[in-house]
C-alpha cells in the first residue's frame, strides 16, 4: 500500500477550514436541547448571528432588539457581557403570511393637500416638490427661503472707515521728531529654514522690541511696526506700516510682544511706534460738499507708475486746512493745453480718493475708484463729500 505524505501546507489549509466551525460551536450549542431564554454577548457576536442561531432566521434580529432596548441602545453595537433575552413568542416570521395590500389609487396633484408647515418656516417649492414622510426622516432641517438666508448679509451696514485700513495706511512725518523704537526680531528660533539671512516674521510670532531712550512699553500696548523711507522735500519721511505688535511682557531689558497683524514684510531692524487710537465714525453716509477744499498729490507711498484701487497716496492738505478722516476727494485733470501737438485737456475726474489718516499739513488717501490710471504727482484734488460730524 503506497504511503501517503501530508505536507505542512495541507495541515494549515485544513486547520483554516475547521477554525470557523470550531468558533461557531459555542454559539450553536444553545440551539440544541432546551431552547435558551437568554444569551450572554461575547466578542464578535452580532444580532444577525444570534437571531440565526436561536430563532433560525437572521432576519428576525429586530425581534431580539425590541425585547432588549433596555440593554441595547444601538442595534449596530452590542458589547461582551450584555445579557440578551431570547424568549420570543411563537408566530414571528421574517416573511409575512399575507401579501402586501395594493397601494391606494393615485390622487391628482390639484387634489393633494399641502403638508403642514411649522410656524416661521418657509418651504421652497410646490406641493409636488415637497419630501415624502420617509425622506423627511433623513433631513435635519427644512430648506428656508433663500432671501431670508442672506438677510443678515444684506442688512449689514457699511462702515466707511475700517481699523485695518487706518493702521496700514501710513503717513508723512512732516519733519516731526517721533518716538521711534526698534524691532529686534523673533525671540524663538524659526521653524522653517530660509535661504535669506532672516525670513519675514509671520503673524503670531513672538518678537522683541526696544523703546526709544527714556521710553517704556507697558503690557497691552499696541505698537506699529514701520518701514521708514525718504519723503518729498519739506514733508519729512514716509512711514509705511508693516504690522502690529501687542506687548505681552519683558525678557530681561527687552520688551516682548506678539505680532497680531501683518500688512507688509516684517524684518528685524525696522522701527516701531506707539499705535494711534482709531476713531470709528460708525455706519454713516457721506454728505456732498460744494466748493470743497483743494490740494495736490504729493507722492505715492509705494512705487507704482499707474494708479489702482487700494493704492495709498499723500496729499498736501491736512487738519490745519479742515481735512478730516473719511473725506472724499476727486483727482481732477487741470483744463488747458497739454502741448502744441495735442488737444487741450478738459476738467474731468481721474480718480476718487478717501482720506484714511490725517496730520497737520498732509493727509493719507486711498484710491477707491480709477477712471484714468495716469494720475501724476502734482495732480489737483478737490473735496466732494464729508462724513457727518
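What follows is calculated from the coordinates using simple rules that are stated; it is not laboratory data. Predicted, not measured: the structure shown is a model, and the values here were computed from it. Neighbour counts are summed over all protein chains in view; Cβ atoms, including those assigned to glycine, are modelled from backbone coordinates with ideal geometry.
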What is the Cα centroid distance between the range 354-389 and the range 257-298, reported in whole angstrom? 13 Å
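Based on the mean of other beta carbon atoms within 10 Å per residue, what is the order of 321-331, 257-267, 52-62, most packed first? Spell out each step's value before the answer.
Values: 321-331: 21.0, 257-267: 18.5, 52-62: 16.7.
The peptides rank, most packed first, as 321-331, 257-267, 52-62.
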Separation of the residue 371 and residue 59 label points, Cα + 7 Å toward Cβ, nm: 8.0 nm
Separation between the residue 284 and residue 38 pseudo-spin-labels, each 7 Å from Cα along Cα→Cβ, expressed in nm? 7.9 nm
Would you list 67, 350 from fewest to most Cβ contacts within 10 Å? 67, 350
For the pair residue 253/residue 230, report the inter-label distance in nm, with labels modelled 7 Å from Cα in the Cβ direction. 3.3 nm
Tell me, what is the percent relative contact order of the range 269-341, built from C-alpha pairs under 8 Å that lie six or more residues apart? 23 percent
Computed over the Cα atoms, what is the radius of gyration of the range 287-386 divided by 2.2 N^0.38 Å, N being its residue count? 1.05
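On full extension of the chain, what length is gained from residue 67 through residue 268, given 0.36 nm per residue of separation minus the C-alpha to C-alpha distance? Don't jump to the answer; show the numbers that get you there.
Details: separation 201, 0.36 × 201 = 72.36 nm, distance 7.26 nm.
Length gained between residue 67 and residue 268: 65.1 nm.
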When the chain is fully extended, how far beyond the present Cα-Cα distance does residue 162 get from residue 302, taking 0.36 nm per residue of separation? 48.3 nm
